[in-house]
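Since every read-out is calculated from the coordinates, none of them should be taken as a lab result. These figures come from a predicted structure and were not determined experimentally. Glycine also receives a Cβ, built like all others from the backbone with ideal geometry; neighbour counts cover every protein chain displayed.
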Amino acid sequence: MKILVTGGAGFIGSHIVDAYLQAGHQVVIVDDLSTGKKENLNPQARFYQIDILDDKVQQILQDEKIEVVNHHAAQIKVKASLEDPYFDVKVNVLGSVLLLDLCRRSGVRKFIYASSGGAMYGEADHGAFTEEQKPRPFSVYGASKMTVESYVDVFHQNFGMEYTILRYANVYGPRQDALGEGGVVAIFTHGMICGSDLQIFGDGFNIRDYVYVKDVARANLLALEYPHNDAFNIGTARETSVNQLYDTLASLTNYSKPAQHIVPRLGDLKKSILNNAKAQKLLKWEPAYDLKAGLLETVQYYRKAK
C-alpha cells in the first residue's frame, strides 16, 4: 500500500512511518520540519520538506499515486492555541480541510486522522470517556480537532472517502521533544537524567491517561485495514496523576530532588481518561505496554541520547 504520512518527521508520526515500513508498505513523508526533526526520518521513506498548506501537496499525491493519507501534521500546543487561536485554526483546521480536498481531487481512498481525546472531550467528571461522549473542548486546540473530525465525515458522506479517526490520550515515548509543552514525560525524563530542578504545574494531582507511542503506532497500522468509517479512543483507561508519574520516573532514573509546584497552566484539565473498549472490540487494539514498561524504554532512549 502507498501511504503518505503528514508530520512523519515528528514524534508520533515517525513511529507510524517505521511501523508502516516494517509491515511492507511504501511510505511518503510530508513535513515542513517546523517541529519535526531530520534525525527522526526513516531513510526507507521518500521525504518532501513542504508545508501542508502548500498547493504542491496535490502534485505529490498524484505523482506518488497515494492510496491512504495519515494526517499527523498539526499545531499541538494547548497553551499556544489559546494565546494565538488564529494560527491554531490556520494550521489545524484550514490545513486539514485543504488536505482533505486535495485528497478528494487526487483519488485518495482513505484518510486516517490523528485527533485528541484528551483535549476534545473536556473535563472528565465521571470515569473514562467513551466515544459517545459529547465533546466539550477546553481549548482552541481541542475545538480544532473536533471541527476537523466533522469535516472528515462530511468528505465521506459527499465524496465517499473512507476514514478512521484515532483519538489519542497522552502519548509518550522515545523521540518526544523534551523542550516542548506537550511532553511531560520527556521533560521529566530529560531533566532527571541531567540532574536539573523540575517544576510541576499546580498541585500535581491532575489525572491523565498515558499511552506508549509504539501502541499508538500499532493502532495506526490496524486502521489501514479497518473496513468501516469510525472513531476510536486510543488510551489505556488507567489513571495516573502527575505526582505519580514524577515519582515513578524518579525511581527509574535514581533522581532524588523534589519538584517545585508552580501556578497551573491555562487550559490544563484536572482529569482526562479514555475508555478503550470500542477499540478492543472493533479495531482489535489494546495497549501492550503498561506505564512502567513504557517509561523504562523511554528512560533508556534518553540515556543513550544524552
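For this structure, a couple of remarks:
- Counted over the chain, the DSSP beta bridges are approximately 5% antiparallel.
- Close amide H contacts of F47 (hydrogens built in the peptide plane, cut-off under 5 Å, sequence separation of 5 or more or a different chain): I29.
- Top of N92, N158, N276 by mean-square fluctuation, Gaussian network on the chain, Cα under 10 Å: N158
- The Cβ shell under 12 Å around K271 holds other residues with a net charge of -3, Lys and Arg each +1, Asp and Glu each -1.
- Neighbour-count order for D55, D203, D215, D88, fewest beta carbons within 10 angstrom listed first: D55, D203, D215, D88
- If the convex hull is drawn through the Cα atoms of the chain, its volume per residue in Å³: 119 Å³
- Helix 95-106 and the long axis of the chain differ in direction by around 30°, with both axes built from C-alpha atoms.
- Look at the alpha carbon pairs under 8 Å that are at least 6 residues apart: their mean separation over the length of region 40-151 gives a relative contact order of 32 percent.
- Working from Cα pairs under 8 Å separated by at least six residues, relative contact order for region 1-81 is 39 percent.
- By the Kirkwood approach, averaging reciprocal distances over each pair of separate Cα atoms, region 192-306 gets a hydrodynamic radius of 16.0 Å.
- Principal semi-axes in Å for region 122-254 [√(5λ), Cα gyration tensor, largest first]: 32, 17, 13
- If you plug the beta carbon distance of K38 and D125 into 1/(1 + (r/R0)^6) with R0 = 45 Å, you get a FRET efficiency near 0.55.
- Over region 13-163, all Cα pairs binned in 10 Å intervals from 0 give whole-percent P(r) values of 10, 37, 37, 15, 1, listed from short to long.
- Gain upon complete extension [Y86, K304; 0.36 nm per residue less C-alpha separation]: 74.6 nm
- Computed log₁₀ I(q)/I(0) - Debye formula, equal Cα scatterers, no solvent, region 129-199, q 0.14, 0.18, 0.22, 0.25 Å⁻¹: -0.66, -0.85, -1.01, -1.11
- Relative to the dominant Cα principal axis of the chain, helix 140-159 is inclined by about 20°.
- Helical runs assigned H by DSSP (4 residues or longer) give the chain a calculated mean residue ellipticity at 222 nm of -11500 deg cm²/dmol, each run adding -39500 (n - 2.57) before division by the residue total.
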